[in-house]
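A.B. asks: What follows is a structure written as C-alpha cells; I'll ask about it next.
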Amino acid sequence: MKKSIFAIIVTAVLCVYLFAAYGGREARIPAELHSPQTRDIYLSAEAAGKIREIRSRSLGSSGYAVVDRIFVNVGDSVKEGQIIMSLTSEGVSGLAPDAALFNNLVINELSEEGLYSAVSGLVAQETRSGYIASPFDGIVTSINAAEGEQVTPFTVCASISDYSRMQAVVNVSEKELPNLAVGMPAVVKVTGSGLSYDGVVIEIPPKITASSAIIGGGDSYSPVVIEIYEPDGSLFSGASASAAIHMKKTENALTLPYEAVHQDAENNEYVYLHREGRAVKQYILTGKELSRYVEITAGLSAEDAVLISKADIYDGAAIEVSNAAD
C-alpha cells in the first residue's frame, strides 16, 4: 500500500515538473537564414541557331580547263597560298582554253614540293595561272573534281573552311532587335555538348526581309551573328546552339533564392525576416528573374537575415534557426 502511494506521488511530481518545464513552451518552426547576395545581372535576349565557320570559300577555275593533278585530300590542313590542284589546257574540248589562265603552265612541271614553295608567302587568289590555291589557312572540306576531268568557270572544284574562327548565327525576335548593338557580349551554349563559349555580336541585319524572316507563333525573327571567342575542337559547323546576348548590366544587384519569396492574395511579394527569434513579414519589390534567383529592387538590404523553411511560416512565429546566415 505504501509503495503504491509512493508511486502515485512520484508520478504526480513528475507530471507537474514536465508541465512547468514544457507545457507552456511555444512550438518553434525550423528554418534557415539567408542574407541577400549581390550579383551582376544582365538583361539578355535569348535566341537559338547554328554554329558556322566565319570564313568558308568555294574554289574554281576562271576558265575552261582540265584538272591535271590534285595535291590534297578532304580533311587536310592547308596554308594560305598552298596549291590545291593544277590545271592544264590539254584535253579541253568544245571550247578554246582561257589564254590568261594558261600563260604560265610551266609551273605544272614542278614537283609537289616545288609547287608549294613557288607560291608560299604570296597573296592567295581563288585561281592563278595554271592552278587553284587556298585563299587562307584552313581545312579542305570538299574536293569535287578528279584528275583528268574538265571543269568550267561554274564548277566548284574544292571548298576550304577556316575553323580557327567560328560564329553562331541565331534568330533574334524582332521585338529584341531595337535593343541590340554590335559589340554586345554574349554567351553561346552548344546544344549537343552542353559547352558554353563567350562571344560578341559582330553583325545585326538592318531590317527583317522576307528571305531572312522566320515566321512562327505570330513573331518574326532575323539572324544575328555572334563571333565566338577561343573556339576549340568541340565546336562543329552546323551544330545547334542557343545564345544569351547581354543587352544591359546591373552591377551588385541584391538577389534571393526563389523559395525565400512569397506572394499574398493580391500578388504582393514579401519575405520573412528573423528578428529576436521570431518571423517578421517584410514586403519587397522584385525585378529580373534568373535561373535560381530573383532580383530584389526594394525592401531589403544585404545585412537582413531572411528565413527559408519547408514548413509554413507566419508573421510572429517562433523560429528555430538551423544554420548561420550565409
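The values are calculated or read from the model by the stated rules, or taken from the named source; none is laboratory data. Note that the structure is predicted; figures quoted are calculated from it, not measured. Cβ: placed from backbone, ideal geometry, glycine included. Neighbour counts: every protein chain shown.
A.B. asks: For the stretch 74-92, what are the residues that are crowded, with 18+ Cβ neighbours inside 10 Å and charged (D, E, K, R)? Step through it out loud before you land on a result.
C.D. replies: Filtering the stretch 74-92 for residues crowded, with 18+ Cβ neighbours inside 10 Å gives 78, 80-89, 92.
Passing the criteria: only 80.
A.B. asks: Right, here's the next one. Scan 289, 276 and give me the residue that is among the acidic types (Asp, Glu) and under 23 Å from residue 46 (Cα atoms).
C.D. replies: Values: 276 fails: under 23 Å from residue 46 (Cα atoms).
Result of the check over 289, 276: 289.
A.B. asks: Hey, among 191, 152, which residue is surrounded by fewer than 19 Cβ atoms within 10 Å (Cβ to Cβ), of a type in the set (Val, Ile, Thr) and either over 30 Å from residue 71 (Cβ atoms) or in contact with an Asp or Glu (Cβ under 6 Å, 6 or more places away or on another chain) (or both)? Can you show your working first?
C.D. replies: Working: 152 fails: either over 30 Å from residue 71 (Cβ atoms) or in contact with an Asp or Glu (Cβ under 6 Å, 6 or more places away or on another chain) (or both).
Every option except 191 fails the conditions.
A.B. asks: Filter the stretch 225-271 down to the residues that are touching a residue at least 60 places away in the same chain (Cβ under 8 Å), within 27 Å of residue 31 (Cα to Cα) and of a type outside the set (Val, Ile, Thr) and list them by number. Steps first, answer last, please.
C.D. replies: Initial filter on the stretch 225-271 (touching a residue at least 60 places away in the same chain (Cβ under 8 Å)): 227-228, 231, 235-257, 260.
Those still in the list that are within 27 Å of residue 31 (Cα to Cα) too: 252-257, 260.
Of everything in the stretch 225-271, those that are touching a residue at least 60 places away in the same chain (Cβ under 8 Å), within 27 Å of residue 31 (Cα to Cα) and of a type outside the set (Val, Ile, Thr) turn out to be 252, 253, 254, 256, 257, 260.
A.B. asks: For the stretch 274-300: of the residues being modelled with pLDDT of 90 or more and of a type in the set (Ser, Thr, Tyr), which is farthest from residue 36 (Cα to Cα)?
C.D. replies: Only one residue fits best here, namely 283.
A.B. asks: Same structure, new question: Just the residues that are surrounded by fewer than 18 Cβ atoms within 10 Å (Cβ to Cβ) and closer than 21 Å to residue 238 by Cβ, please, taken from the stretch 58-72.
C.D. replies: 58 - this is the single residue of the stretch 58-72 that is surrounded by fewer than 18 Cβ atoms within 10 Å (Cβ to Cβ) and closer than 21 Å to residue 238 by Cβ.
A.B. asks: Can you tell me which residues in the stretch 250-264 are closer than 13 Å to residue 292 by Cα and among the hydroxyl-bearing types (Ser, Thr, Tyr)?
C.D. replies: Once the filter is applied, which keeps residues that are closer than 13 Å to residue 292 by Cα and among the hydroxyl-bearing types (Ser, Thr, Tyr), the stretch 250-264 yields 255, 258.
A.B. asks: For the stretch 165-182, which residues satisfy the criterion of being over 15 Å from residue 200 (Cα atoms) and exposed (fewer than 13 other Cβ atoms within 10 Å of the Cβ)?
C.D. replies: 175, 178
A.B. asks: Here's a follow-up. Quick check on my filter: what residues within the stretch 177-188 are closer than 19 Å to residue 249 by Cβ and touching a residue at least 12 places away in the same chain (Cβ under 8 Å)? Steps first, answer last, please.
C.D. replies: Filtering the stretch 177-188 for residues closer than 19 Å to residue 249 by Cβ gives 178-188.
The answer is 179, 180, 181, 182, 183, 184, 185, 186, 187, 188.
A.B. asks: Now for a different question. Does residue 238 meet the test of being part of a loop (DSSP other than H, G, I, E, B), loosely packed, with under 13 Cβ neighbours inside 10 Å and at pLDDT 90 or above? Don't jump to the end; show me each part of the working.
C.D. replies: Details: part of a loop (DSSP other than H, G, I, E, B): yes; loosely packed, with under 13 Cβ neighbours inside 10 Å: yes; at pLDDT 90 or above: yes.
Taking the combined requirement at face value, the residue satisfies it.
A.B. asks: What strands (runs of 3 or more DSSP E) lie completely within the stretch 249-311 and have 1 or more residues being surrounded by fewer than 15 Cβ atoms within 10 Å (Cβ to Cβ)? Break it down stepwise before answering.
C.D. replies: Numbers: elements: 269-275, 278-283, 285-289, 293-298, 306-308.
Result: 269-275, 278-283, 285-289, 293-298.
A.B. asks: Shifting gears a bit: Mind counting the residues in the stretch 266-297 that are closer than 18 Å to residue 250 by Cα, among the acidic types (Asp, Glu) and touching a Phe, Trp or Tyr at 6+ places or on another chain (Cβ under 9 Å)?
C.D. replies: First, pick out the residues of the stretch 266-297 that are closer than 18 Å to residue 250 by Cα: 285-297.
Within this subset, residues satisfying the condition of being among the acidic types (Asp, Glu) are 289, 295.
In the following step, the residues that additionally are touching a Phe, Trp or Tyr at 6+ places or on another chain (Cβ under 9 Å) were identified as 289.
Matching residues across the stretch 266-297 total 1.
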